[in-house]
Structures are given as C-alpha cells and as structure tokens.
Amino acid sequence: MPNQDSKTPRVPTHSPIKGLLVYAIPYTRLFAGVIALVILYNLTQVIQPYLVKVAIDRYLLVKNSVLSPLIQIGFLYLAITLVGLLANLYQTRVIASAGQQIVRQIRIDLFSHIESLSMDYFETHDTGRLITNVASDTTRISQFFTQFLLSVIRDGLTIILVMGAMLLLNWRLGLLSALVIPLIVLISAIFRPRLHKIYNTTRSRQSRLIGFIAENLSGMRIIQIFHQEKKQLDAFNQLNLPYQNANVNEFRWDVLFNRSFDLLGNLAVAFMAWAGGLAVFHHSIKIGVLYAFISYIQQFFEPINSLTQNWNTLQSSMISFERVSSVLATSPTLKDPDPPYPLNPSSVPLLGQVDFDHVSFAYKPEAPILQDISMHIAPGQFIGIAGETGAGKSTLISLLARFYDVSEGAIRIDGIDIRQIRQDDLHKIVAVVQQDVNLYSGTIADNIRLFRDDISLEQIEEACRITGADIFIRRLRQGYDTWLTPHGANLSTGQRQLLAFARTILLDPKILVLDEATANLDAVSEMAVQKGLMEVAKNRTTIVIAHRLSTLRYADRIFVLDQGRIVESGTHDELLAHNGYYAHMIHKSAWMLEPTGSA
Ligand SMILES: Nc1ncnc2c1ncn2[C@@H]1O[C@H](COP(=O)(O)OP(=O)(O)OP(=O)(O)O)[C@@H](O)[C@H]1O
C-alpha cells in the first residue's frame, strides 16, 4: 500500500516527468495491468481491418463466393469488437483510479509541506498561488496519469502495431506511410516552446485572479464599509480580462496545433488513396490490401491526434507540477533542532519562566524592529506589554512563539533556548490568542476542542464555566451544538475571545500570550472578557499585549516599548508614579476619561 500520510514529500527532481513518475512507482502493478489491457485492446483494433481485407479478397471478390465463411468472419469481428470494448473500459477505469490516488498523495505532501513552512513564506507568497497549487494544479497533474500516460501507452502501442501491420502487409506502401513521422516531429518541435510559454501565462494569470478573490472575500466587510465595491470590481476586471485573453490564446494555439495533424492525416489518406490506387490499377496489390491500408492510415492518425491533444495535457500538467515542485522544494527557514532538547514535562514539570536576553530582531536587515530587549518573567507572573502602535509588541510575541528567529540574543523558557525545542513542543508550551480568533466550520464544542476527539463534552463545559463562556452559550437555542461559520459571523468579538479562553484552558499551556481585543468591546463584554482572562491566567505565565491600558492595572509588571526598545518597566502604580512614557500614554489615552479609569 502506498504511503498516504507521509510528512516527507518526495524530493522534486530536475525533470518534472521524472518527478511525477516517482509518485507512480507504488502503482507499478496497476500500470502493468493497464499495459496488458492496452495491448489486448490494440490487437483487437489491428485485427479488424485485416478481417475485412480477408473477407474482401478471399470471399467477396472471388467467383462462386459462399456465405458461411463471411458470416463466421462477421461473428469473429463482433466478438473482437466486444473484447476491445471491455478492455478499453477497464483500462480507463484502472488508470483513472491510480491517477486520483497519486494526486491525492501529492495533495497530502503539498498541504503538509505548506503547513511546515515558516511565517516569512506566507508573507512573501501570494495566497492565491498556494490555493491554485493545492486545488487546480494538482487536478491538472492528475491528467498526466489519467490522460497523458494512458495515451502514451495506448496510442504509442497503436502506432507501433499499425506500422508493423502495414509493413507486413506491403513493406513498400508501409515505408511510404512512415514518411509522415519526420513531419510529425517537425510540427511538434515548432509548436512546443510557444505552447509552453502560453500555458505558463494562463496558469500565472489564473493564480493572480484566485489570489485577488481570496483576498477580497476575507476583506469583504471592509470593502463594503468603505464602499469599495466598484473599485474592487474594476480591479477584478483588470485581472479577469488578461486571464480571459490568455485562455482564448491558449485555445487558439491548441486548435492550430491539433488541426495541423488533422490536415497531415487527411493528406496522408489522400496520398495513400493515390499511391495505393495506382498500385491496384497496375495489379501490384489487391483492392482489399488498399482498403486495409487506408483503414490503417486512418488508425495511424487517430493515436497521433490523441497524442497531440494529450501533448497539450502533458504541457499543462508539467507546468502545474513545476509550480507544485517549487513549493515542495522550499525549505522552512525555521528548522527543528537535531537533536531537540529532551523535554519531559511528566518527570520535570515546566515552570513557565521566560527570559528575553538582549534580543534584537529585524524583518529586513536594514530596518531593525526590536533592539536589545531584556526581560525576566518569573513563572506564573501576569505581564503586560504596552507601547504605541508600531512599537513592536506583536513582533515580540511572534518571537516567543518562534514564528521568526531572533537576529541577536536569545529567548529562554526555564533556561532552555527556544531554538533547542521542537516547534511542535514549543507550541504546546506557548499558546498565542490573537485578537482575531480563528473559528472553523463546526459546532461550538468542535471549535473549543479543536476537533480533538479525546476531549469530552464535560471538559468543554467545565472550561466554559471557568472562563464565563457558558453564560452566552447556554442562551443559544442549540447550546454547544450551535453551528459556527468560519469567520464566526454569528458571534460577537467578546464571545469569540471567551471561546478562545476556553480553548486555552483545554490546551493548558504553561505560557499564555494574549493579543488583547478588549479595545473594541462595550463595558459589559469587556468585564466578561477581563474576568475570563483572569481565570485563564491562573497557574500560568501570562503575557498580555494591552491595547486598553486599564487591562494592565493588576499586572505584576508592565514592560513599555517605544520604537523597539524597552523604555520603562514596573507595575501600573509604579509607572504612574514615575510619570514617564507610560504615564504620558495613559494621560494621552481617551480611555483615561472613563470613570473606572486608571490610577
Ligand atoms: N511581517 C512583517 N514584515 C515586515 N515588517 C513588519 C512585519 N510585521 C510588522 N512589521 C513592522 O514592524 C514594526 C512593529 O510592528 P508590530 O506589529 O510588532 O507593532 P505593534 O506594537 O504590535 O503595533 P500594533 O499595536 O499596531 O499592533 C512596524 O513598523 C511594522 O511595520
């Protein structure tokens, strides 16, 4: 049984065809079966004109012809047609099934590889291209097996058998027919580079269009709020029209390419009728032989036509495979350590101490974002990070979750450099709750347990009770079975945050990082979220990026960032008393006007 869930994609080779064939290796026996069926089918096709030739020359064009051998030939012809039909049906079914299994494996490899790539890849690569890679490119690749490979085997064999039959029947006429082969090669050589370029253009334009659609669908709310529909439609058209033109151009060249062979085929039949007709006229061949030859020439061009049509399929599958291979060939910039630090939380429990040790970081070398950050966070502390927009707060937590590696210094958890910890393990220790909580199509319960079957409904209910999410869930008609849409449109921001807290309780990370979302909440929801946050923060180190500084009133310590540097640290009261940058932020902030306000 082929490896279906392997995490290691097959190494892309330089030649796309070789790369594809590597995927076909586990199915060698199936392909051998297909070849056997193809041979059977082809033999039936070659025998048919021969039977007609025998019927004409031996029984029809002779004096006192008898009917019974003709009837026998008729039945034989019928039986052979039936065998050919069955062989053809079965070969198509087997190869289609093999092709789909191979492509399923390619999709698994591709998707799991994309999942393993580091954040910088997603920032520098278009989502549309990745969607096209997984969805449409892999479908085109499947055509390599279901159409092209089948065609090469079937049509290649037909050509050989038909050529052999013609040479056996009359070698002179057979050789004359072979003259078309160099012409076929010449036409293919002329069209090939052009078609390759054309297919490439179509695929890239399609990716751009899909990327645009994906981006717009996720940002539809903003588009409508800012009345950007018309502008976006125009932008869409700017991409749609070139895509249409590329498709039309591709179609035009495909037709031109295929019709060239049609023309060549018709010319060959006409030539054979003329040359063979002359031979019949001079009695050097019988009329039945001429009939068989004309049939064979037509049979010869059928596979040529099919091959040329499938040659287009080959080209587009090759381009799709090249595109998929280029993703598979990308290594994640962040690699797991080898060997990783031997964590064993059951024997040596983690405490959750976090140290930033002279950390500097830049997304691009010329623009430093964080500079010389040092923070010591004791286990179980509740820490706030404050700073103006763009100060580097989110970047700081991205480094702790190791979405990026520090440029200088080190981040340690319980004294272990996070680069020594496997990323899977690190993400079990450090959970990040973003402002924008990701929800998936599924029930509330599914979204809290994150589709892990080992978590019972009782555990989910308990987590929701602790965080206070159960209050709103119980009010819903279907409670925990309420179906959620991917963007959680049927829940408020505060409710989504509470679900995220319940998730966190079940994940039970030692360190919780929260990109706080209370800035946009009304007072009642804010209180609910604050309460949930205090519950979820119990027994774990919690780092909160506060957009609403009142969240930090009870923090054990607040680190204040300005332009990527820590400029102050202390408790809320200490920082206010210090009357520095933080106090200035508090005074500047509109929220300080709230009656519940800060100091
Ligand atoms: N992926 C990225 N690539 C390049 N630059 C980035 C990236 N993410 C953030 N930056 C830049 O890094 C700087 C710090 O951004 P960051 O998001 O960390 O700030 P922040 O303090 O969290 O801001 P906010 O409060 O608005 O969320 C900004 O100048 C931003 O433009």
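Relative to the longest principal axis of the Cα atoms of the chain, the long axis of helix 287-328 makes an angle of roughly 10 degrees. Modelled spin-label separation between Arg465 and Gln478, with each label point placed 7 Å from Cα along the Cα-to-Cβ direction: 2.5 nm. Each peptide in 84-93, 357-366 was scored by the mean count of other Cβ atoms within 10 Å over its residues; highest first, the order is 84-93, 357-366. Heavy-atom accessible area for Thr127, with the other protein chains in place and a 1.4 Å probe, reaches approximately 80 Å². If R0 is taken as 56 Å, the Cβ-Cβ distance between Asp424 and Ser68 corresponds to a FRET efficiency of 0.10.
Rounded to the nearest 10 degrees, the angle from helix 67-116 to the longest Cα principal axis of the chain is 20 degrees.
Take the residue pairs Lys197/Lys230; Lys335/Lys531; Lys364/Lys531; Lys18/Lys335; Lys231/Lys588; Lys230/Lys364 and return only those whose Cα atoms are more than 31 Å apart. Flagged as over cut-off: Lys197/Lys230; Lys335/Lys531; Lys364/Lys531; Lys231/Lys588; Lys230/Lys364. Once the chain from Val22 to Ile39 is taken as fully extended at 0.36 nm per residue, the excess over their C-alpha distance is 3.7 nm. Spacing of the modelled spin labels on Glu388 and Ser347, each 7 Å from Cα toward Cβ, amounts to 5.2 nm.
For Ala79 and Asp453, a Förster radius of 45 Å and the Cβ-Cβ distance give a FRET efficiency of 0.20, rounded to the nearest 0.05. Using alpha carbon centroids, what distance separates segment 407-468 and segment 240-255, in Å? Taking the Cα centre of segment 240-255 as reference, the centre of segment 407-468 is 47 Å away. Taking every protein chain into account, the accessible area of the chain amounts to 52 square angstrom per residue (probe 1.4 Å). Ignoring lysines fewer than eight residues from Lys538 along the same chain, the ones with Cα atoms less than 28 angstrom from its Cα are Lys393, Lys428, Lys510.
The separation of segment 270-345 from segment 378-406, counted between C-alpha centres, amounts to 56 Å. You can think of it this way: the chain between Lys531 and Leu241 has 99.1 nm of extra reach, that is 0.36 nm per residue less the Cα-Cα gap.
Computed from the C-beta positions of Asp336 and Ser441 and an R0 of 35 Å, the FRET efficiency is 0.70 to the nearest 0.05. Subtracting the Cα-Cα distance of Gln298 and Ala410 from 0.36 nm times their residue separation leaves 33.0 nm of extension gain.
The C-alpha atoms of the chain define a longest principal axis, and helix 28-54 lies at about 20 degrees to it. The label-point distance for Gln228 and Leu86, in a model that sets each label 7 Å from Cα toward Cβ, rounds to 6.3 nm. Listed by chain and number, the lysines whose alpha-carbon sits under 16 Å from that of Lys286, ignoring those within fewer than 8 places in the same chain, are Lys53, Lys63.
The values are calculated or read from the model by the stated rules, or taken from the named source; none is laboratory data. Predicted model, so just to flag it, every value in this text is computed and none were measured. Quick reminder, even Gly has a Cβ in these numbers, built from the backbone with ideal geometry, and neighbours come from all protein chains shown. For accessibility, only protein heavy atoms count, side chains too; no ligands or nucleic acids. Shrake-Rupley method; radii C 1.70, N 1.55, O 1.52, S 1.80 Å.
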